[in-house]
1. Within segment 421-458, how many residues are part of a helix (DSSP H, G or I) and closer than 26 Å to R476 by Cβ?
2. Report yes if Y474 is free of Cβ contacts under 8 Å to residues at least 40 places away in the same chain and either of a type outside the set (K, R) or surrounded by fewer than 17 Cβ atoms within 10 Å (Cβ to Cβ) (or both), otherwise no.
3. Take the residues in segment 106-122 that are part of a loop (DSSP other than H, G, I, E, B), open to solvent by 30 Å² or more (accessible area, probe 1.4 Å) and in contact (Cβ under 8 Å) with a residue 24 or more places away in the chain, then tell me which one is farthest from I193 (Cα to Cα).
4. Of the conditions (1) open to solvent by less than 30 Å² (accessible area, probe 1.4 Å); (2) at positive phi; (3) small (G, A, S); (4) touching a residue at least 24 places away in the same chain (Cβ under 8 Å), G526 clears all except one; give me its number.
5. Being touching a Gly at 6+ places or on another chain (Cβ under 9 Å), under 26 Å from N102 (Cβ atoms) and hydroxyl-bearing (S, T, Y) is the requirement here; does S127 meet it?
6. Among the residues of segment 517-548, write down those that are in contact with a Leu (Cβ under 9 Å, 6 or more places away or on another chain) and farther than 22 Å from Q482 by Cβ.
7. Can you find, within segment 572-591, the residue that is nearest to the chain's Cα centre (by Cα) among those that are under 26 Å from V242 (Cβ atoms) and part of a helix (DSSP H, G or I)?
Amino acid sequence: SSDRNDGGDGAAPAAAFEPPTRGGAEKKKVKTVKVEKGRAQGGNRRPTQSKMGDIASLPSSSSLGAAQNPPGGKKVALVDVRSFKSLALKSHHNRHVKADINGEIKASSMNVGEQEKFDLVHNEDASISLRSCHGKYVSVDKMGDLCASATSIGDAEKFQLVCNDDGTISFKSIRGFVSAQNKCGLIANRAMIGAWERFQAKDRSRQTKQNAAEDASAGADGNEAAAAALPIFDACCHLQAVLCAEEQYSITHSDKTAITFGKRAGARRDQGLEWSFRYFREQQSYSSVFRGCVSAWDATVVRLEADSGSASCRDRAGSGSGDPEELDGVTSVGEDNAWASILAQGEEDRAPDFGPMVHAAFGIPAASAADANEQCFERLSALCRLPLCVAVGPVSLSFPDIAAGIIEAKEHHRDLSAAEVALTFGALPGSAYDAKCDPACSAWLAAGGSTVEDWTMKKGDRRLSEFKGACADYARRRLEAQVSVAEFQIALAKELGLPLIVQLPPQTDAERKMAEILVDKLGGEGCEHPVLLSAFYGRPKCVGALLKHFPNLMVGFSGLLTHSKLKDSVGEIAFDVPMDRFVLESLGPRFPPAGVGDGRGSFSHPALITHVAAELAAVKRVSQDEIFEAALRNVLQLFRLPRARAGSGASDVPEPSESSSDSALPAADMTGQPASSD
């Protein structure tokens, strides 16, 4: 009888193998029972669970690649999954498993890309491990949650590979079987194999072999091999904000990702590594071709020893107005002297033939214009004369519409700096007001007040009105001051002979006003002062006019190029910009490339300019090697960084082409001062 079980002693009836019901149709349930019945007749024992985390016998690994076909069912053509070098996994819900750059793992992708591919690593104890495209191993914690964040293989990174009779595979961890939930999440704490614990394995080793063949072919050609190993350099980022992006997210959010980020940030602080770019590169598995970056700092935030212990214009409460269109230079979590530690370590980690790993640019963005005073101008002048400063900026303008009928600030709430607004109301200008953070509410509670809700009912409306008035006064002063602040920085860049970094929001008035200031301060058409137009996503004709007027102006392309909503405008700019007039920039931690780290807590950082290069190559219809070569040559020319010397062993650094040498500026030493004509 087909209902009789011949699986040996202790085998359970086939019906006992029926997976738990998860709301599926009755037809699907019956089909699953049939497959499990075939396995029971094949002699496999029923998985049993004696206690949490202790899962009993399973099909042996010897059945891999030779699973039996269900009796009476359709034959399934199986392959040896262990022979795969790289694979993609498709869940029961017809979604592919992906690992983003933050380590989060979900079964949410319709198609297979780089993030959906996992390298299969074979361990000595016959187990396997999965390595994501970011170089991190998939690990399971004590709650059964999966995360691709491990840098080495331990017990938590090992899985037993189980081949099922229907051609799917399952993974058993130290906590249980891996299961794909109906909301894209994955968890590894299941006691037995059901529908959600089965995955289709797709071989992606062919692509790996193809790349290996291409690499071997390129190795026969010295020029191609050199191009494939071209160094990469990030032309503009906010490195201090990148290093504490995870900590910032853990403070402002309360989800599972925030908890993970908070633990990491705490561990780094305990080890004294919160400002270590070297440690960050190791954790993010940076390639050996990475040569460094130019990091921007806000001169109203940083502090020099000459400031005699005076506080910077902002504190740990935050920086900037919170306007998403404004590119503020420094994160809200950090210390006002962390920049010195980052630059000192960057100078120690000198890249081969490129000098320090981290270079600096100091400026006062439009978001901080209201905080700029004579002391800030003196500090900026001193910072721009430091040996590692290679540019002035970012210089920016922003003319947002101020709503009519804004409440006027009270007399004692006028002319407050951003830090003073935060000290008075517990929130920075442009951010949301929270009564729980208001010092006035805290004082009321300390004096015997009942609850925050009672204080809000009695005084909340009046206090919120005062906060809005102080913010409106701050915004007006910023609008009035930003033009004069921009003019001072442009004049300073011209005086010191340093390149100028300009950032503009997509506002016609801001574009026109900045063009007027540049022409007035730098000179008329043909002015050879170096300028970087960074993070631009406005009108393409504005870029064309600036390129024509300033022959040494470079356009920076970032993750904005990869976003679908900006592909038309930024893509048009990218297509028209000549090969000798662009650089690659990450703008980290903001604007990560589309499809890279698109989960919660994602942020951009210098190594991600490789994704920008790939998109730019597709737009300009050239190879990525040509993009990397041109970008490297252009960034060396723009910031006048030390080039490789003959005989130094750095044959991978290209020399400038004839088209770019005609407009090249005189070389400068590391102090930023122009070298003599001799």
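The values are calculated or read from the model by the stated rules, or taken from the named source; none is laboratory data. Keep in mind the model is a prediction, meaning the values are calculated, not measured. A quick note on method: Cβ atoms are made from the backbone with ideal geometry, for glycine too, and the neighbour counts reach across all protein chains shown. The protein model used for the area step is the full one, side chains on, heavy atoms only, and it has no ligands, DNA or RNA in it. Shrake-Rupley method; radii C 1.70, N 1.55, O 1.52, S 1.80 Å.
1. Going through segment 421-458, the residues part of a helix (DSSP H, G or I) turn out to be 421-425, 435-437, 439-446, 452-458.
Next, only the ones that are closer than 26 Å to R476 by Cβ stay: 421-425, 435, 437, 439-440.
Total meeting the criteria: 9.
2. So Y474 fails the test.
3. V112
4. (1)
5. Working: touching a Gly at 6+ places or on another chain (Cβ under 9 Å): no; under 26 Å from N102 (Cβ atoms): yes; hydroxyl-bearing (S, T, Y): yes.
When the stated conditions are applied, S127 does not pass them.
6. Residues satisfying the conditions are C527, E528, P530, L547.
7. Ranking the qualifying residues of segment 572-591, first place goes to A574.
The rows are residues; the columns are (1) in contact with a Gly (Cβ under 8 Å, 6 or more places away or on another chain); (2) touching a residue at least 12 places away in the same chain (Cβ under 8 Å); (3) of a type outside the set (A, V, I, L, M).
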| site | (1), (2), (3) |
| --- | --- |
| H563 | no, yes, yes |
| G571 | no, yes, yes |
| V577 | no, yes, no |
| S586 | yes, yes, yes |
| R590 | no, yes, yes |
| G595 | yes, yes, yes |
| S604 | yes, yes, yes |
| T610 | no, yes, yes |
